[in-house]
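The values are calculated or read from the model by the stated rules, or taken from the named source; none is laboratory data. Bear in mind that the values here come from a model prediction, so they are computed numbers and not experimental data. Here Cβ is always computed from backbone atoms with ideal geometry, including for glycine, and neighbour counts include all displayed protein chains. Calculation scope for accessible area: heavy atoms of the full protein, side chains included, ligands and nucleic acids excluded. Shrake-Rupley method; radii C 1.70, N 1.55, O 1.52, S 1.80 Å.
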Amino acid sequence: MPITWRPATWNDIESWLSIQPKYRGDALVGVQAALEAWQHVIRGRFFYSTVLESSSLPPNHRMVGFGTSVLISSAFADAELANPRPDINSRVMASIHSGRSVLATPHDVARANSGDGVNVLILCGTWRHQILSPLDLQEMQTLQVSGFVEVHAGYRIRRILQETAAEPEKSFLRRSIEFRLVAEFPEAGRELFLMTRESVHDLPGSLGNVLFSVREPALRLRDSDQQLLMAALRGATDQELASGLGFTLSAVKARWRSAIARVEETMPDLVRDVVNHEGRGAQKRHRVLDYVRSHPEEL
């Protein structure tokens, strides 16, 4: 069964949470408020997702795996590990609903990236094992882990937390040599797992080890340029960038000029041989996007 992955849309998330409501996080605020909090989460800058699909299945059943993660504040991660309790997603959604979000801010992330590292919370990582053969399941799990590594590469990561609420995720993480079990909540049917830099230190070549390897950014892009490039990497057009970032079309084009000027200043060889004709601006954009796609630490 051919399986591919892509970023999630709101429709994907709403559909998957209806299939696996244990990860919805509605225990403290109710279903509607939790779904509204999820919408806030996916609009955030530090939300990442993967949808695993099989084109050989009917259109309404193509999703076979799903995962989402966010960056959380160090204070929240510290508190959760000091006093583990079941249903961590509910506390995240309740914090957003109350206006006191525990999600990391750009300032938090900038400080963490230059210090101890960011804290990642996997809000949901699951799959439809009932319709997958053992070989398909193995392929899907490998793709899901690879996708997770790809979207988080470039961060200086301190810790990765995940609470499992269903099989076979529990078995998968129990077998993992990179995650360790932090706490079990038998009555709630949940388990909390943790991966740290130390837990993968002696596992050279593992995907976990790749996650905790840090490359320093060479371009040192401004925050506004990073926002632009991250959105462009998702395939957004200039008009969509303007709408999504809340700017005029001319302001988006000015941001492009700013980002490319920064590249020309710090890494001139990257765009030096672009032919001087009408389409050279687009060529330079492609060069810059290709570079940051393979060097996520820049963003």
* Calculate what fraction, in whole %, of the accessible area of segment 19-92 sits on carbon and sulfur atoms when a 1.4 Å probe is rolled over the protein chains. => 53
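In the chain, what percentage of the DSSP-assigned beta bridges are antiparallel, given to the nearest 5?
Just about 85 percent of them are antiparallel.
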* Note the angle between two axes, namely the Cα long axis of helix 223-233 and the longest principal axis of the Cα atoms of the chain, as a number of degrees from 0 to 90, rounded to the nearest 10. => 80
* Asked: What percent does the relative contact order of the chain come to when contacts are Cα pairs within less than 8 Å and at least six residues apart?
  -> 15
* Asked: Across the chain, how large is the tail of the calculated P(r) beyond 34 Å, expressed as a percent of all Cα pairs?
  -> 24
* Asked: What are the lysines whose alpha-carbon lies under 30 Å from the alpha-carbon of Lys284, with same-chain residues fewer than 8 places away excluded?
  -> Lys253
* **Potential extension, Trp10-Asp223 segment - 0.36 nm per residue separation minus Cα distance** => 74.1 nm
* Rg(Cα)/(2.2 N^0.38 Å) for segment 43-133, N = residue count -> 1.33
* Asked: What number comes out for the charge environment of Ala259, summing +1 per Lys or Arg and -1 per Asp or Glu over other residues with Cβ under 9 Å away?
  -> +4
* Asked: Any idea how far apart Arg43 and His201 come out in nm if each label point goes 7 Å out from Cα toward Cβ?
  -> 4.2
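Taking the Cα centre of the chain as origin, work out the dipole magnitude from +1 charges on Lys and Arg Cβ and -1 charges on Asp and Glu Cβ, in debye rounded to 20.
On the way: 34 positive and 35 negative charges, 111 e Å.
Dipole magnitude for the chain comes out near 540 debye.
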* Asked: Between Ala79 and His107, 0.36 nm times their residue separation minus their Cα-Cα distance comes to what?
  -> 8.1 nm
* Farthest positive-ward along the chain dipole, Cα basis, beta-carbon charges - from Leu192, Ile13, Asn83 -> Ile13
* Asked: Quick one: which of 82-92, 234-244 comes out on top by average Cβ neighbours within 10 Å, and what's the full order, highest first?
  -> 82-92, 234-244
* Rounded tilt (10° steps) of 31-43 against the dominant C-alpha axis of the chain -> 30
